[in-house]
Amino acid sequence: MNKSIKLGHYFLKSVLFGTKFPMALSVDVTNKCNLRCKHCYFFQQNHKNELSEEDLLKKVKEIKKKYPSIIHASWVGGEPLLRKNVVKEGMKLFPFNMVVTNGSLELPRWKSCVFNVSVDGTKEYYEEVRGLKIYDKVKEHANRDDIHVNIACVLNKKNYYCIEDLLKEWKKTKIRGINFDFYTPIRGIDDNLWLNWQERDMIIEKLIKLKKIYGNFILNSKSILKLMKSDSSKKITSNCVVKKAAVCLDPMGNRKLPCVIGDKADCSKCGCIVPFQIESLMVKKQIESFYVTKKLFT
Ligand code: SF4
Ligand code: SF4
């Protein structure tokens with residue numbers, strides 16, 4: 001059984017059979033990034049200071065001690081690979097790890113984690129948004145089969161036209177697949193990137209169709225995509241389980257609420273895949289339990 005399946009099973013048991021939350025940690029490893037993307041939620045929230053590497057690691061160890069139920073850590077930023085030592089040491093504390101990186105730096109040969117490289121569109125869109133000609137370099141860094149690399153694409157008003165070209169291009173590389181989220185707006189910032197519900201529904205239908213060609217290379221399952229649609233999304237995010245399931249630390253080691261996006265996240269329009277992943281596991285388990293119960297009593 002691979003690690004992500006094991007993690008999924010653990011999530012299921014945790015959610016349904018009362019294993020204690022929180023079970024995930026997200027750490028803003030640094031407040032620095034070598035890029036300045038226009039849509040970046042991180043720099044929109046003004047993280048001026050950061051703990052020293054030693055103090056941040058100390059904080060992570062304290063959290064692990066306080067919440068032994070945490071089994072998964074996401075190392076985010078800023079750009080977490082600017083502080084490789086923190087990530088390398090911190091990862092030893094958890095069985096499952098994910099490094100969320102912009103891919104502009106060479107990826108270390110760490111086999112015990114998944115690298116989620118942010119690529120929000122094909123070369124033209126990507127370089128326009130970042131204002132840097134680095135797409136080919138990122139692709140070269142991500143195109144590895146000695147480590148586990150996924151691409152993370154956050155869909156917004158300006159990049160959704162890229163979906164098919166992105167899939168076509170990256171399918172020829174060694175990455176494992178592409179994960180699609182939708183852009184979550186930050187309250188008070190009018191950047192016009194949020195896809196309205198009608199647009200989101202239309203894109204989801206398209207992704208479901210594309211799964212017939214690309215299968216699991218599109219990492220979002222069909223059931224998760226359906227939950228992200230307008231008719232079910234708000235119900236899930238209005239009482240988002242992520243608030244209980246994850247501890248998120250800012251670069252000063254302070255807890256960020258309600259989630260990694262920070263206190264200005266507009267939950268009513270959330271497009272982050274995580275709450276839907278958890279909901280999807282719960283629904284599956286409810287169906288399984290129904291059939292087991294039926295079998296027992298008929
Ligand atoms: S690479 Fe990530 S952290 Fe850096 S500016 Fe872009 S979105 Fe923000
Ligand atoms: S922004 Fe999304 S993931 Fe974060 S707490 Fe709100 S609904 Fe949950």
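Test of understanding: among Leu93, Leu82, which residue is within 16 Å of ligand 1 (Cβ to nearest atom), over 17 Å from the mean Cα position of the chain (by Cα) and surrounded by fewer than 19 Cβ atoms within 10 Å (Cβ to Cβ)?
Numbers: Leu93 fails: within 16 Å of ligand 1 (Cβ to nearest atom).
Residue meeting the stated conditions: Leu82.
Looking at this structure, is Asp250 at pLDDT 85 or above, surrounded by fewer than 18 Cβ atoms within 10 Å (Cβ to Cβ) and acidic (Asp, Glu)?
Here the answer is no, as Asp250 does not meet what is asked.
Out of the stretch 83-96, which residues are in contact with a Ser or Thr (Cβ under 9 Å, 6 or more places away or on another chain) and closer than 19 Å to Lys58 by Cβ?
Once the filter is applied, which keeps residues that are in contact with a Ser or Thr (Cβ under 9 Å, 6 or more places away or on another chain) and closer than 19 Å to Lys58 by Cβ, the stretch 83-96 yields Arg83, Val86, Met91, Lys92.
Check every one of the helices (runs of 4 or more DSSP H) wholly within the stretch 209-254 and list those with 1 or more residues that are away from ligand 1 (no atom under 16 Å from the Cβ), touching a Leu at 6+ places or on another chain (Cβ under 9 Å) and not basic (Lys, Arg).
222-227, 230-238
For Lys234, indicate whether it is at pLDDT 90 or above, of a type in the set (D, E, K, R) and more than 8 Å from ligand 2 (Cβ to nearest atom).
yes
With the condition kept exactly as written, say whether any residue in the stretch 151-161 is in contact with a Leu (Cβ under 8 Å, 6 or more places away or on another chain), within 16 Å of ligand 2 (Cβ to nearest atom) and basic (Lys, Arg).
Taking every residue of the stretch 151-161 in turn, none turns out to be in contact with a Leu (Cβ under 8 Å, 6 or more places away or on another chain), within 16 Å of ligand 2 (Cβ to nearest atom) and basic (Lys, Arg).
Give the stretch 186-216 a look and list any residue that's at pLDDT below 95 and β-branched (Val, Ile, Thr), or say none.
If the condition is that a residue be at pLDDT below 95 and β-branched (Val, Ile, Thr), then Ile186, Ile189 are the ones that fit.
Do we have Leu225 as farther than 30 Å from Asn31 by Cβ and among the hydrophobic types (A, V, I, L, M, F, W, C) here?
Judged against the criteria, Leu225 is a match.
Among the candidates Lys222, Lys209, single out the residue that is basic (Lys, Arg) and under 18 Å from the mean Cα position of the chain (by Cα).
Lys222
Among the residues that make up the stretch 209-229, is at least one of them of a type in the set (S, T, N, Q), in contact with a Cys (Cβ under 9 Å, 6 or more places away or on another chain) and under 13 Å from Val154 (Cα atoms)?
The answer is no; no qualifying residue exists.
Considering (1) modelled with pLDDT under 95; (2) more than 21 Å from Asn102 (Cβ to Cβ); (3) of a type in the set (Asp, Glu), say which one Glu128 fails and leave the rest.
Answer for Glu128: the failing condition is (2).
Across the stretch 109-150, what is the number of residues that are outside any loop (DSSP other than H, G, I, E, B) and either more than 16 Å from ligand 2 (Cβ to nearest atom) or of a type in the set (Phe, Trp, Tyr) (or both)?
Matching residues across the stretch 109-150 total 23.
Could you grab me the full set of residues in the stretch 234-275 that are in contact with a Cys (Cβ under 9 Å, 6 or more places away or on another chain) and hydroxyl-bearing (Ser, Thr, Tyr)?
Result: Thr237, Ser238.
Taking only the stretch 166-208 into account, find how many residues are in a helix (DSSP H, G or I) and within 21 Å of Asn150 (Cα to Cα).
The qualifying residues number 10.
The values are calculated or read from the model by the stated rules, or taken from the named source; none is laboratory data. Computed from a prediction, not measured in an experiment: that's the story for all the values here. Because the Cβ atoms are built from the backbone with ideal geometry, glycine has one as well, and the counts that use them run over all protein chains shown.
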